[in-house]
Amino acid sequence: MRHYGIIGFPLLHSFSAKYFSEKFRREKIDAEYSLYPISEGETQRIGDYVNRLDGMNVTMPYKQTAIAFLDRLDDTAKAVGAVNVVYKRVGYNTDCLGFMDSLRPLLRDFDKKALVLGTGGASKAACYGLKTLGLQPTIVSRTPKTGIIGYKDLTEEIMLSHSVIVNCTPLGMLPDVDSCPDIPYELISARHLLFDCVYNPEETLFLKKGKAQGALIRNGMEMLTGQAKAAWKIWNEE
């Protein structure tokens, strides 16, 4: 039996566990997929799972931390600066592939700039994907610094010029469904496209607020499915 799993915290609503467990059962694959929550202060355990599992997914908040426990990164993970898949002590990033495949069909000719909310691993994958698709990303954070603006810096001019907005924070994810990024939603219009990397619930408060303003919306389910399919391909490359 092969052993796969996901590390991160929290993992109560893991998409990967359900996806792969159903895949193994449906295709009669002799394998199991388990959750391996790692709380703050236990990061050394990452190395144990890297060595023990046949294949591993990595989710927040360890997509960057896990790099220190690997032998090398593939070219995409190196360019992104974060990993979400591990195989034979090598780190890969399939988040950006899943993100691009989901976002690409929605883009319009006038979509040239995007706001990326958050600075974690998902944000890095989104920025890489946006640049690959020909959009200029602007990162937004609660703690602005060089090259990163704050939420209070989101002027009308910036909101109007950035027609794509990508939420890469966990805000709105179950069970915290009443939270959302602090952006001026009243400045959103039908020219905006809101993409939420969160997939549970299906329609977050971020997406609901955008939809109410006439914006096009998309949640993270296609992104998650796409990255999972790419992960399985990596684990079975031989």
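Just so you know, all these numbers are worked out from the coordinates, no wet-lab data involved. Quantities reported herein were computed from a predicted structural model and do not represent experimental measurements. Cβ: placed from backbone, ideal geometry, glycine included. Neighbour counts: every protein chain shown.
What the table below lists for this structure:
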item: Dipole magnitude of segment 74-116, debye to nearest 20 (Cβ charges: Lys/Arg +1, Asp/Glu -1, about Cα centre); result: 100
item: Rg followed by Dmax, in Å, when the chain is reduced to its Cα trace; result: 17.8, 56
item: Under 12 Å, Cβ to Cβ, from Asn219 - net charge with Lys/Arg +1 and Asp/Glu -1; result: -1
item: Cα-based helix-to-principal-axis angle, 15-26 vs the chain, degrees rounded to 10; result: 50
item: Packing-based ranking, highest mean first, of 31-43, 220-232 given that Cβ atoms within 10 Å are counted; result: 220-232, 31-43
item: Proximal charge balance of Met100 [Cβ under 14 Å; K/R count +1, D/E count -1]; result: +1
item: Exposure proxy ranking, count of Cβ atoms within 10 Å, fewest first, for Leu70, Leu106; result: Leu106, Leu70
item: P(r), alpha carbons of segment 2-93 - 10 Å bins starting at zero, rounded %; result: 18, 50, 29, 4
item: Segment Glu186-Ile158, length gained on full extension (0.36 nm per residue, minus Cα span); result: 8.8 nm
item: Charge dipole (debye, nearest 20) of segment 2-93; +1 at Cβ of Lys and Arg, -1 at Cβ of Asp and Glu; result: 200
item: Top positive-direction residue, dipole computed over the chain with Cβ charges, set Gln136, Leu11, Ile188; result: Gln136
item: Environment charge of Thr76, counting only residues whose C-beta is closer than 12 Å and scoring Lys/Arg +1, Asp/Glu -1; result: -1
item: Size of electric dipole in the chain: Cβ of Lys, Arg +1 and of Asp, Glu -1, about Cα centre, debye, nearest 20; result: 300
item: Per-residue [θ]222 nm for the chain (sum of -39500 (n - 2.57) over DSSP H runs n ≥ 4, rounded to 500); result: -9000 deg cm²/dmol
item: Footprinting exposure proxy for Asp109, Asp182 (fewest neighbouring C-beta atoms within 10 Å first); result: Asp109, Asp182
